[in-house]
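Structure record follows, encoded as structure tokens.
Bear in mind that the values in this text are calculations on the coordinates, not laboratory data. The shown structure was predicted, so the numbers you read here are calculated from the model rather than taken from an experiment. Cβ: placed from backbone, ideal geometry, glycine included. Neighbour counts: every protein chain shown.
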Amino acid sequence: MTNNWDQHMASAEEAYHGGEPIKAQRHWILAVKEAEDVEDLRRASMSLDRLAEALRLSGNFQDAEGVLRMALEVKEGLYGQQHSEVIGSLNNLVDALHAQSKYDDALSFVDRLVDAYQITFGEAHPGVATIVINMATLYDDIKHPAAETFYKQAIAIKTKAHGYRNDEVVALAQKYAAFLSAVGREEEANLMMQTFSESVSGVWKTVAAKMTDRMDTKLSETTQKRLGERKSFSDKRRERP
């Protein structure tokens, strides 16, 4: 079985690089089946990853989404919910959903991505802030309400790391204020800008501290809930009759 898996993977790569993507996809699918037949989750995830990558690169995000969802389930069963492999699949799935303008559908996976990143690499890891800031920018571009949540998260994270007078914190707050203005919340936007024009005072320090506290509580509760309620793929397999 292992030899068959190797052959299908090699044939898929040969076909793909030879300009035969459909043939390559068939071999990757057969490789997944070979791995599933012997319950080799690691090889199954490798096959699914390669197939999803090829689909994404070809612009077929709809099919890539389905494959990435399967890969995510397999990896969570294999590695648990907090692992670099799981993070990679979550990131690619979010990208595939955004490419299809499925912004609402992507939000739950963004939350899981941030949680997994924090638990795997630590809350202070710069990657956490990068994800949140990127999401704030993306959802701001389409003036989606979720942008506000991401801006608040980003400001809280950066304030906790660098202090409320940091240039990045100020820049994020200005972008947040611009978003508020763009969605018709002019009074709140003006208050935000006024607060930052007086950032040397204790006003913003108090606001930022409250935002940081709320963010810490939200992340802690969310993480505990998910860790307590979600069953892994391997748990589900053990429950089968």
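Odds and ends about this structure:
- For the range 84-137 and the range 1-51, distance of Cα centres in Å: 27
- Just so you know, the Cα atoms of the range 25-90 work out to an Rg and Dmax of 11.2, 32 Å.
- Length-normalised contact order of the range 154-197 in % [C-alpha pairs under 8 Å, at least 6 apart]: 29
- Sparse packing (at most 12 other Cβ atoms within 10 Å of the Cβ) combined with a DSSP loop state is found for none of the chymotrypsin sites (Phe, Trp or Tyr not before Pro) in the range 98-192.
- FRET efficiency, 1/(1 + (r/R0)^6) with R0 30 Å, evaluated for His83 and Val170 via beta carbons: 0.25
- Global form of the range 95-170, assessed from the alpha-carbon gyration tensor, a/c cut-off 1.5: oblate
- Within the shell of other residues whose beta carbon sits under 15 angstrom from the beta carbon of His144, the net charge comes to -1, with Lys and Arg scored +1 and Asp and Glu -1.
- Contact order relative to length of the range 1-100, as percent, for alpha carbon pairs under 8 angstrom and 6 or more apart: 20
- Extending 7 Å from the Cα toward the beta-carbon at both Gln62 and Ile22 defines two label points whose distance is 1.7 nm.
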